[in-house]
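Novice: Below is one structure. I have some questions about it.
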Amino acid sequence: MQITATMAGTVLSIPVAVGEAVSEGQDVIVLESMKMEVPIQSEVAGTVRVVNVQVGDFVNEGDVLIEVE
Amino acid sequence: MFRKVLIANRGEIARRVIRTCRAMGIATVAVYSDADANALHVREADEAVRIGPPPVAASYLQVDAVMEAARQTQADALHPGYGLLSENPALAEACADAGVTFIGPPAHAIREMGSKIRARQLMREAGVPIVPGSDGEVADLTAALQTARDIGYPVMLKASGGGGGIGMQVVESDAQLEKAFAANQQRAKSYFGSGAMFLEKYLEAPRHIEIQLLFDTHGHGVYLWERECSIQRRHQKVIEEAPSALGDAGLRKRMGEAALAAGRAIGYTNAGTVEFIVDGAGHFYFLEMNTRLQVEHPVTEAVTGLDLVELQLRVAAGEPLPFDQAGVALNGHAIECRIYAEDPVRMLPSPGTIQVLELPTGEGVRNDVGVESGSVVTPYYDPMIGKLIVHAPTREAAIAKMAQALAEYRVEGIKTNLPLLAQIVAHPQFQAGATTTDFIRQYVQNRKES
């Protein structure tokens, strides 16, 4: 399952790490754009397999941020 | 009058100040970050000085960099615009130290109103009604829970140093307050440098009505009527109008006089706005004072026929107010829509390149914009790309004119809230003047879900 960016912006924080178990609805990335913080949630329960971004990276809407298995 | 004004801001408001300066024969200096090197405000000013990289903390919020730009260009006055450093007393103080006139109130007035807790205290002393709430700061969760039970849920948890809806949350129970307290305190600390929190009784569906004030340095003050700004999302304004749809002359006078008392209580000078919330029974309560020019000042300009930036410059230069309260006109009705670079349904930011920008035109239609075709809307700054203002003889005619103007407004390349604005303006409840701060949640979001 690929977790994608809902908006263009900067990666403010990544509260999870590769190998970590996440639950459905858990915040996995916090994006910031235009003075607004937007948490991105995992749509599924599982384990974080890949983290594609680092804090400070700029991402576009639709970019794959994290993969959860 | 001043020779040269530095504008410590960007986007549409920097252009707005340049426009009046030019009409008055005053030279202008723009400042800019690397992200704004090609921006309209930079090209339109007589001079421009780079002040740093794109993030605001490294550029537009750097008092030293802004003051260095003023020194280099020998500007004799500084206009702070709104947002950014406009309500930071350190900038007003730095100006005073450098012998540059700050076009705004004295630093002490900014500081006192910047602390919402202190402002509540001052207003109570001045006899201005305040929302029932905590008596000063709630030190910790235990104190917050006790206060919340005393005033009764729902309550609004707020940061004393807050603004723009950050660090505030409505809570309806002990459990929600327990969850919200630490998180909002942390956010307040990181955004405003102070984690001081307080509580107010949460009023369901009030109107947000504010009074525009103008004081000279000779002890004279007037109120330039009210603006209603109830149409909000995330506690940020979307549509403003003047006068209020309430159209209550008695209430206008009582609020105007309370606002003047608020300004006098802190020795205010220049333009400022006292924000109130008004309940269904016509009771009004002090919310906060904005010690600067407001985003929505054009609706006041439309109905009064005044140029607020010109008046700011004149009173800052020591001129007396050229009219008294009886000399303030109130003609017709004006509405402003804020054009945001955001997804109209999810209301999330949508930065990108504006491929095409075509603005509506016509009598009584005003556009204050910070962008043009080809402009890049970056994720670094506020999502507002422009303001559309209409003025007509009646509220009904203004709404019709706004609907037409919104239909003509064309932005391609990024998503904007234009469809949302059109939907609000066409809504029977908006047209009936039944505008309260929960309007978008109540009528727009519900409709989408059903």
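Novice: Within the stretch B:284-328, which residues are in contact with a helix residue (DSSP H, G or I) (Cβ under 7 Å, 6 or more places away or on another chain), open to solvent by 40 Å² or more (accessible area, probe 1.4 Å) and either in a helix (DSSP H, G or I) or assigned by TED's automatic domain parsing to the domain that holds residue B:18 (or both)?
Specialist: B:310
Novice: To continue, here is another question. Got a number for residues in the stretch A:8-26 being surrounded by 15 or more Cβ atoms within 10 Å (Cβ to Cβ) and within 12 Å of chain B (Cβ to nearest Cβ)? Talk me through it step by step, then tell me what you get.
Specialist: As a first pass, look at the stretch A:8-26 and keep what is surrounded by 15 or more Cβ atoms within 10 Å (Cβ to Cβ): A:8-12, A:14, A:16, A:22, A:26.
Checking the rest, the ones that are also within 12 Å of chain B (Cβ to nearest Cβ) come to A:8-12.
Counting residues in the stretch A:8-26 that are surrounded by 15 or more Cβ atoms within 10 Å (Cβ to Cβ) and within 12 Å of chain B (Cβ to nearest Cβ) gives 5.
Novice: I need the full set of residues from the stretch A:44-59 which are away from every other protein chain (no Cβ under 14 Å), more than 10 Å from the chain's Cα centre (by Cα) and surrounded by 15 or more Cβ atoms within 10 Å (Cβ to Cβ), in order please.
Specialist: A:46, A:48 - these are the residues of the stretch A:44-59 that are away from every other protein chain (no Cβ under 14 Å), more than 10 Å from the chain's Cα centre (by Cα) and surrounded by 15 or more Cβ atoms within 10 Å (Cβ to Cβ).
Novice: So residue A:20 ticks every box in (1) out of contact with any Gly (no Cβ under 7 Å at 6 or more places or on another chain); (2) within 23 Å of residue B:347 (Cα to Cα); (3) not β-branched (Val, Ile, Thr) but one. Which box is left unticked?
Specialist: With respect to (1) out of contact with any Gly (no Cβ under 7 Å at 6 or more places or on another chain); (2) within 23 Å of residue B:347 (Cα to Cα); (3) not β-branched (Val, Ile, Thr), residue A:20 is out only on (2).
Novice: Does the stretch B:347-373 hold any residues that are within 14 Å of another protein chain (Cβ to nearest Cβ) and surrounded by fewer than 15 Cβ atoms within 10 Å (Cβ to Cβ), and which are they?
Specialist: B:353
A quick yes/no check of all residues on (1) in a strand (DSSP E or B); (2) assigned by TED's automatic domain parsing to the domain that holds residue B:192; (3) closer than 18 Å to residue B:291 by Cβ:
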| site | (1), (2), (3) |
| --- | --- |
| B:13 | no, no, yes |
| B:22 | no, no, no |
| B:25 | no, no, no |
| B:48 | yes, no, no |
| B:61 | no, no, yes |
| B:81 | no, no, yes |
| B:95 | no, no, yes |
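Novice: So, one more: Quick check: is even one residue across the stretch B:134-151 without any contact (Cβ under 8 Å) to a residue 40 or more places away in the chain, among the basic types (Lys, Arg) and in contact with a strand residue (DSSP E or B) (Cβ under 7 Å, 6 or more places away or on another chain)?
Specialist: no
Novice: I would also like to ask the following. Before we move on, is residue B:344 within 14 Å of chain A (Cβ to nearest Cβ) and either closer than 13 Å to residue B:226 by Cα or open to solvent by 10 Å² or more (accessible area, probe 1.4 Å) (or both)?
Specialist: Values: within 14 Å of chain A (Cβ to nearest Cβ): yes; either closer than 13 Å to residue B:226 by Cα or open to solvent by 10 Å² or more (accessible area, probe 1.4 Å) (or both): yes.
When the stated conditions are applied, residue B:344 passes them.
Novice: Also, quick follow-up: So residue B:218 passes all but one of these: (1) assigned to a strand (DSSP E or B); (2) touching a residue at least 60 places away in the same chain (Cβ under 8 Å). Which condition number does it fail?
Specialist: (1)
The values are calculated or read from the model by the stated rules, or taken from the named source; none is laboratory data. Values in this document were obtained by computation on a predicted structure and should not be read as measured data. Here Cβ is always computed from backbone atoms with ideal geometry, including for glycine, and neighbour counts include all displayed protein chains. Accessible surface is based on the protein model in full, side chains and every heavy atom, while ligands, DNA and RNA are left aside. Shrake-Rupley method; radii C 1.70, N 1.55, O 1.52, S 1.80 Å.
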